[in-house]
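The values are calculated or read from the model by the stated rules, or taken from the named source; none is laboratory data. Note that the structure is predicted; figures quoted are calculated from it, not measured. Ideal geometry is used to build each Cβ from the backbone, glycine not excepted, and the neighbour counts take in all protein chains shown.
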Amino acid sequence: MLYQLHEWQRALLTPFAHFADATAQLFSNPYSPLAYTPMSRRLAAGYELLYRLGKDYEKPAWGLTSTTMDGADAVVTEEIAAARPFCNLVHFVRTPAGRKPARRKPDPTVLLVAPLSGHHATLLRDTVRALLPAHDVYVTDWIDARMVPVSAGPFHLADYVDYIRDFIRQLGPDVHVISVCQPTVPVLAAVSLMASEGDPKLPRSMVMMGGPIDPRKSPTQVNNLATTKPYSWFETNLIHRVPPRFPGAGRQVYPGFLQHAGFVSMNPDRHLKSHYDFYLDLVRGDEEDAEAHRRFYDEYNAVLDMPAEYYLDTIRIVFQEFQLPRGVWKVQGKLVKPADIESVALFTIEGELDDISGSGQTRAAHDLCSGIPAERKRHFTAPRCGHYGIFSGRRWREMICPQIAAFIRQHSHPA
């Protein structure tokens, strides 16, 4: 019922949001006489802020149409390399612009596993943009669960692991897997199971960034919520059925709007200040800063629904029972044994100021992967870097991405 109430609220706010947008244009468009009246900038700024607070945010486009290869321009196109009910594997195909492709050594293939934790995979746009000049990039583009018909069946954490194994086998063995935040756990499970089975398509390396491999270390506000509430609380209060107007009508999900409310509640003062600064930027005519605000919140406010089975599995297995670091996690009846991994190089990355995955949570993978030789392991803690800073922004582009590129090339050959 809560989901349906939310949809009614959205329907009620939509005409007001459109009215606010139109009014903001009236007071800001240079062809409108109202734009030259006293207080026009303040009125336009106020109405645009109202519009952005009330509008519905759809999944943003990747918007990656160009890059460079060997210092020359290249055109980027998106192709779906594999389609699953809950995920598309998107390949960013690079084609040199205006000239025939030169004969060159192929760039390393990268499988970038995006988090399924409320936001769309486009949250990793800056990650992909920085990797494209020197890598052949594939990304897991998770589908909003409300768009998946009930006939497609449930989606558990074990299914997530199976998806990753399938994608690695499709791209392997010369593939490097980069996981950001939440997927570090299922990626480690997938590679562990492949190693235990002697799979010849094992990846060359694993790069794990800011993930809850062992949430017992330096627990954050996110971790504390999962441990202070019983499993039944999450099942009773956070799981709702998709309303009739969506293809996934009737499917049980953890709605994106609840996840978004949780994101905002972690730092309400920061978001309030950001919106106020946006208003002041509009009043001052500082369009560059205002546009940066729009870009950020266009992405941040676009959320998706997660399948209930997957979300509840994650709460129980990862954050309450710590099954991976305790060595008791079984996927489809098979024990996950990271110690069986021997040939895959491991690079873990944490942010010094990460308030979502605390210090040591990702680095714990080194102790679990005891079979990997020390010379094939590396860890880096990014100074003055928060959770989003390890995969987006200046520090990601200038400090972290070059180290990942060097690590990948160092381990591009079989051990």
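Quick notes
- Among the residues listed as 31, 51, the single one being assigned to a helix (DSSP H, G or I), more than 20 Å from residue 146 (Cβ to Cβ) and among the hydroxyl-bearing types (Ser, Thr, Tyr): 51
- If the condition is being among the small types (Gly, Ala, Ser) and either touching a residue at least 12 places away in the same chain (Cβ under 8 Å) or farther than 18 Å from residue 118 by Cα (or both), then region 264-279 contributes only 274.
- Members of region 53-92 that are charged (D, E, K, R) and either modelled with pLDDT of 90 or more or in contact with a His (Cβ under 7 Å, 6 or more places away or on another chain) (or both): 59, 73, 78, 79, 84
- Among residues of region 292-311 being of a type in the set (A, V, I, L, M, F, W, C) and part of a helix (DSSP H, G or I), the one that is modelled with the lowest pLDDT is 296.
- Enumeration of residues in region 262-291 that are under 30 Å from residue 361 (Cβ atoms) and assigned to a helix (DSSP H, G or I): 262, 263, 264, 265, 266, 268, 269, 270, 271, 272, 273, 274
- Test result for residue 261, touching a residue at least 40 places away in the same chain (Cβ under 8 Å) and not assigned by TED's automatic domain parsing to the domain that holds residue 144: no
- Residue list for region 307-326, filter: over 16 Å from residue 231 (Cβ atoms) and among the hydrophobic types (A, V, I, L, M, F, W, C): 324
- Residues being within 24 Å of residue 316 (Cα to Cα) and over 18 Å from the mean Cα position of the chain (by Cα) - total across region 160-195: 8
- Considering region 365-394, and only residues there that are modelled with pLDDT of 95 or more and either charged (D, E, K, R) or in contact with a His (Cβ under 7 Å, 6 or more places away or on another chain) (or both), the residue that is surrounded by the fewest Cβ atoms within 10 Å (Cβ to Cβ) turns out to be 375.
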